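Take a look at the structure set out below.
The values are calculated or read from the model by the stated rules, or taken from the named source; none is laboratory data. Only a predicted model underlies this, so the values are computations on that prediction, with no experimental measurement involved. Neighbour counts run over all protein chains shown; Cβ positions are idealised from the backbone, glycine included. Note: accessible area is taken over every heavy atom of the protein model, side chains too, but ligands, DNA and RNA are not part of it. Shrake-Rupley method; radii C 1.70, N 1.55, O 1.52, S 1.80 Å.
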Amino acid sequence: MTINPDLNPGDITNDPIVNIVVKKILDRHIQGMEKFGKTMADNNRPLNEWVKEAQEESLDFIHYLEKLLK
């Protein structure tokens, strides 16, 4: 895993919201690399497994939104 050590995600744009999202993406990448040991580009899972994973994540997201509405 290579991340530029000089990169400060808080300084990428002049929009602090975008910078927060970028930092979260990088943090998630690092977490995934530690857990799985390979990038998504190097992960050759079959397409149907990616779709199933996306469905499961989407269902979780719907639950979170429903909780917020209650």
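Residues with beta-carbon under 13 Å from that of Thr39, excluding Thr39: net charge, scoring Lys, Arg +1 and Asp, Glu -1?
On the way: positive: Arg28, Lys35, Lys38, Arg45; negative: Glu34, Asp42.
The answer is +2.
Would you mind calculating the gained length between Glu34 and Trp50 on full extension (0.36 nm times residue separation, minus the Cα-Cα distance), in nm to one decimal? Each step should come with its number before you reach the end.
On the way: separation 16, 0.36 × 16 = 5.76 nm, distance 1.96 nm.
Fully extending the segment from Glu34 to Trp50 adds 3.8 nm.
Is the shape of the stretch 24-69 rounded, prolate or oblate, going by the alpha carbon gyration tensor and its root eigenvalues a ≥ b ≥ c, with a/c under 1.5 for rounded and a/b larger than b/c for prolate? Could you put the intermediate results ahead of the total?
Numbers: a/c = 3.72, a/b = 1.48, b/c = 2.52.
Judged from the Cα gyration tensor, the stretch 24-69 comes out oblate (a/c at least 1.5, b/c at or above a/b).
Run down the lysines and flag those whose C-alpha is under 28 Å from the C-alpha of Lys70, throwing out any fewer than 8 positions away in its chain.
The qualifying lysines are Lys24, Lys52.
If you place +1 on the Cβ of every Lys and Arg and -1 on the Cβ of every Asp and Glu, how big does the dipole about the Cα centre of the chain come out, in debye to the nearest 20? All intermediate terms of the calculation are to be shown ahead of the outcome.
Values: 9 positive and 12 negative charges, 32 e Å.
The dipole magnitude comes to about 160 debye.
What is the sum of charges around Pro9, taking Lys and Arg as +1, Asp and Glu as -1, for the other residues whose C-beta is under 11 Å from the C-beta of Pro9? Let's see the in-between values first.
Values: positive: Lys23, Lys24; negative: Asp11, Asp27.
Residues close to Pro9 contribute a combined charge of 0.
Along the charge dipole of the chain, pointing to its positive end and built from +1/-1 on Cβ of Lys, Arg, Asp and Glu, which listed residue (Gly37, Leu69, Leu26) has its Cα farthest out?
Looking along the dipole axis, the top candidate is Leu69.
Of all accessible surface on the chain at a 1.4 Å probe, what whole percent is carbon and sulfur? Show your work: numbers first, answer last.
Values: 3840 of 6420 Å².
Answer for the chain: carbon and sulfur cover 60 percent of the accessible area.
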